[in-house]
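> Pasting a structure below so you can have a look.
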Amino acid sequence: MDMPYPNIGLEDQNTPKHIVRKLKRDAARLAIRLNAQGDDPALLQIQVPEKKAQEIFEILLSIYNSKLKEADTVFNANLRVATDIPIDKFWIIYNRNAEWASDLAEGVSEVTGEMDDLLEEYDLFITDKKSWDEQNDMITIESAKLYNMSALAQKFGHLDGVDKIHTHDPDVSPDFDIDLNNKNGVWTVSFTRYWSSLQNTKSYKWTFKVTSEKAVEFVSSSGDEIPDWMKKG
């Protein structure tokens, strides 16, 4: 399913769909991060700031379309924004005897009451359920539309039987990130890859500049020596 933004112009119709989807997701996460300015995204609005996401999408797309060899490197490596900014799912740990969860106990992915009202209001759906401990189960809530899930998940915290809410997968470690900032109309965009070596975390960064006219310049690359297995990947 297509994400709700941005509108792709005629000149971009040849961009592969998987790249467009990736860049929309990256742009959403970066727009939330920029709006937060270091604060907790859970305190922001639920909706992704569409205008800012559109602007960031166009910046990232211009780097992809530049066909610079360094741009090819970061896109071939599938470098993307760290997933600690959730945009499409979260997890609820709840008492399996909660009234709204009676159907879940019977193996049906449906709920009742205010829980169901919230799922319908934001077009969310349950995609998975598993046992958590002796009293609690866990469900995965997903959305086809991109949201600031840190903020949206807060709406479920007061419901009867809800014990905890996780907005990022604790089993996923960030091994990549994209960061950007704007100074005097010029965007600086950095793509970083992380990996572990014994007890140390190592990294390598590629940096680009993009003007308001979408002219792209490769600035620099630096960091630890990239291992052979990563070059082949």
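> Exactly one condition in (1) of a type in the set (Asp, Glu); (2) in contact (Cβ under 8 Å) with a residue 40 or more places away in the chain; (3) more than 17 Å from ILE46 (Cα to Cα) is not met by ASP88; state its number.
(3)
> What pairs come out if I take residues in region 15-33 that are closer than 25 Å to ALA151 by Cβ and pair them with residues that are of a type in the set (S, T, N, Q) whose C-beta lies under 6 Å away, six or more apart or interchain?
ILE32/ASN148
> From ASP137, ASP133, ASP177, ASP169, which residue is of a type outside the set (Phe, Trp, Tyr) and either in a helix (DSSP H, G or I) or loosely packed, with under 13 Cβ neighbours inside 10 Å (or both)?
Only one candidate qualifies: ASP133.
> Only one of ARG29, ARG80, ARG33 is part of a loop (DSSP other than H, G, I, E, B), among the basic types (Lys, Arg) and under 25 Å from ILE141 (Cβ atoms). Can you tell me which?
Going through ARG29, ARG80, ARG33 in turn, the sole match is ARG80.
> Go through ALA77, ALA105, ALA98 for me and flag whichever is in the same structural domain as HIS158 (by TED's automatic domain parsing), in contact with a Gly (Cβ under 8 Å, 6 or more places away or on another chain) and not β-branched (Val, Ile, Thr).
None of the others qualify; the one that does is ALA98.
> Restricting region 65-111 to residues that are of a type in the set (Lys, Arg) and surrounded by 18 or more Cβ atoms within 10 Å (Cβ to Cβ), which is modelled with the lowest pLDDT?
Looking at residues that are of a type in the set (Lys, Arg) and surrounded by 18 or more Cβ atoms within 10 Å (Cβ to Cβ), I get ARG80.
> All but one of (1) closer than 13 Å to ILE87 by Cβ; (2) modelled with pLDDT under 90; (3) of a type in the set (D, E, K, R) hold for GLU11; state the number of the condition that does not hold.
(1)
The values are calculated or read from the model by the stated rules, or taken from the named source; none is laboratory data. In this text, all values refer to a predicted model and were calculated from it rather than measured experimentally. Here the Cβ is made from the backbone with ideal geometry for all residues, glycine too, and neighbour counts use every protein chain on show.
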